[in-house]
Structure formats: structure tokens, C-alpha cells
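Below: the structure, in C-alpha cells.
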Amino acid sequence: MGMGPLPQVNIMPTGGINIENMHQWFERGCVAIGVGGDLLAPAQNGDYAKVSELAREYIDKLAEIRNGA
């Protein structure tokens with residue numbers, strides 16, 4: 001993961017991002033991330049409460065990353 005030859009471009013990666021690796025993307029300069037499969041997987045079984053729980057975990061993790069924790 002890196003910014004390659006275009007460090008001035010704002011990047012928002014998608015695909016393969018999860019709560020365990022999302023910090024790596026921000027550390028390398030990404031301004032946002034797209035999370036789909038990991039976040040929405042429980043919805044396939046109708047577990048929308050789990051989707052809400054995971055969304056809260058992502059929000060909390062993002063706050064940690066932004067605060068340098």
C-alpha cells in the first residue's frame with residue numbers, strides 16, 4: 001500500500017478493507033475508505049443489529065485513528 005506517483009491525489013480505496021487493516025490506509029495518506037463486504041455481511045442473514053454494531057466499531061476505530069491512538 002502506498003500513494004505511488006501521485007501523492008497530491010486524494011485516495012479513497014475500497015475492497016479488502018476491514019477494521020483490522022483500515023489504519024494502514026490512513027497511515028499512508030488516504031482521506032477515506034470504502035467498507036462494504038465486511039460491514040454488510042451479517043445483513044445477508046438478516047442480522048441488522050450486527051451491522052449496526054459493526055458500524056459503531058468502525059466509527060470508534062476511525063476516531064482512534066484520527067486522534068492518534
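Any idea which of (1) of a type in the set (Gly, Ala, Ser); (2) surrounded by 11 or more Cβ atoms within 10 Å (Cβ to Cβ); (3) assigned to a loop (DSSP other than H, G, I, E, B) is the one Ala41 doesn't satisfy? Result: Ala41 passes all but (3). Anything in segment 13-34 that is in contact with a helix residue (DSSP H, G or I) (Cβ under 6 Å, 6 or more places away or on another chain) and hydrophobic (A, V, I, L, M, F, W, C)? List them, or say none. Ile19, Phe26, Ile33, listed by residue number. In summary, Thr14 fulfils each of the numbered conditions (1) modelled with pLDDT of 95 or more; (2) touching a strand residue (DSSP E or B) at 6+ places or on another chain (Cβ under 6 Å) with the single exception of condition (1).
Residues of segment 10-58 that are among the β-branched types (Val, Ile, Thr) and within 9 Å of the chain's Cα centre (by Cα): Thr14, Ile17, Ile19, Ile33, Val35. Which condition from (1) under 23 Å from Gly68 (Cβ atoms); (2) surrounded by 11 or more Cβ atoms within 10 Å (Cβ to Cβ) is the one that Asp47 breaks? Of everything listed in (1) under 23 Å from Gly68 (Cβ atoms); (2) surrounded by 11 or more Cβ atoms within 10 Å (Cβ to Cβ), Asp47 misses just condition (1).
The values are calculated or read from the model by the stated rules, or taken from the named source; none is laboratory data. It should be emphasised that the depicted structure is a prediction, and the values quoted were computed from it without experimental measurement. Positions of Cβ are generated from backbone atoms using ideal geometry, with glycine treated the same way; all protein chains shown enter the neighbour counts.
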